[in-house]
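Structure record follows, encoded as structure tokens.
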Amino acid sequence: MKQEEGAKKEKGNGKKENNSRFPVIFLGVVVGIYCIVAMMDTTIAIRALETFGGILRQIIPVLILVFVLMFVIDLLIKPKTIAKHLGSKSGLTGWFIAIIAGIIATGPVYVWYSMLADFREKGMRTALAGVFLYMRSVKLPFMPVMIYYFGGLYTAVLTIYLIVFSVVVGLVCEAAVGKEEIPTSMDKKPEKMP
């Protein structure tokens, strides 16, 4: 049976396979732009490639950490466990875990997207993913510097404000996305999330 969308097809295990050619096209466009810039001015192209290399060196350690975490989590933690602690029935524990994990997570935020997507497939609440991403704005290593420049009261009020509004943003994201179909097991059909 052929789907109308064309970009996503259903696999036998309940997951959707993305057959979009956009990533390949995007890569081709970026490489093409680099080639055009290199033909016009090689010094700019060399500086751009050096900047790219510097960013890549910063990202690779965090990407390795995220992929190792995902591998370990896939081996040790079952989807039921993620659904229990970060799912719709996780209660305050789920909110607390998302807030603390968002604060202590290091590196660029976009390297955590794949892990959050994996968690959501295993039953993580959309609101908790939003909280995690929002709480990435609280940086523990910068707290002493903030206290030095702005004072302890300002830093405490700002941190509390960020925690409270992370919950608000998470709830707004969940309301905007609505009820989602997330498979609870590879053998079962997707269930509507409450």
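Each value in this text was obtained by applying a stated rule to the coordinates, not by laboratory testing. Here the structure is a predicted model, which is why all the values come from computation and not from measurement. Counting neighbours? That spans all protein chains shown, and the Cβs are built from the backbone with ideal geometry, glycine included.
Apply the Karplus curve 6.51 cos²θ - 1.76 cosθ + 1.60, θ = phi - 60°, to the phi angles in region 108-125 and return the couplings in whole Hz, x for Gly and Pro.
x, 5, 5, 6, 8, 4, 5, 5, 5, 4, 5, 4, 5, 5, 8, x, 5, 5
Could you calculate the contour length gain from Val68 to Tyr113, that is, 0.36 nm times the residue separation minus the distance between their Cα atoms, to one decimal place in nm?
Extra length from Val68 to Tyr113 when fully extended: 14.8 nm.
What is the order of Phe142, Phe119, fewest Cβ neighbours within 10 Å to most?
Ascending number of Cβ neighbours within 10 Å: Phe142, Phe119.
Arrange Ile99, Ile77 by Cβ neighbour counts within 10 Å, fewest through most, would you?
Ile77, Ile99
Sort Leu56, Leu65, Leu116, Leu49 by Cβ crowding within 10 Å, fewest neighbours at the top.
Listed from fewest to most nearby Cβ atoms, that is Leu56, Leu49, Leu65, Leu116.
Rounded to the nearest 20 Debye, what is the dipole magnitude of region 78-192 about its Cα centre when Lys and Arg each give +1 and Asp and Glu each give -1 at the C-beta?
280 debye
Enumerate the calculated ³J(HN,Hα) couplings along region 149-161 in order (Karplus 6.51 cos²θ - 1.76 cosθ + 1.60, θ = phi - 60°), each rounded to whole Hz, writing x wherever the residue is Gly or Pro.
Karplus-based 3J(HN,Hα) across region 149-161 equals 7, 10, x, x, 5, 4, 4, 5, 5, 4, 5, 5, 4 Hz.
Per residue of region 166-175, what does 6.51 cos²θ - 1.76 cosθ + 1.60 with θ = phi - 60° give for ³J(HN,Hα)? Whole Hz please, x for Gly and Pro, Karplus curve as stated.
5, 5, 4, 4, x, 5, 5, 4, 5, 5
Please give the residues of region 111-128, grouped as numeric ranges, whose backbone N is less than 20 Å from a label point set 7 Å along the Cα-to-Cβ vector of Phe165.
Residues passing the 20 Å test: 127-128.
Can you list the equivalent-ellipsoid semi-axes of region 78-192, largest first and in whole Å, using the square root of 5 times each Cα gyration tensor eigenvalue?
So the equivalent ellipsoid measures 30, 14, 11 Å along its semi-axes.
Can you tell me, using C-alpha contacts under 8 Å and at least 6 residues apart, the relative contact order of region 78-192 as a whole percent?
29 percent
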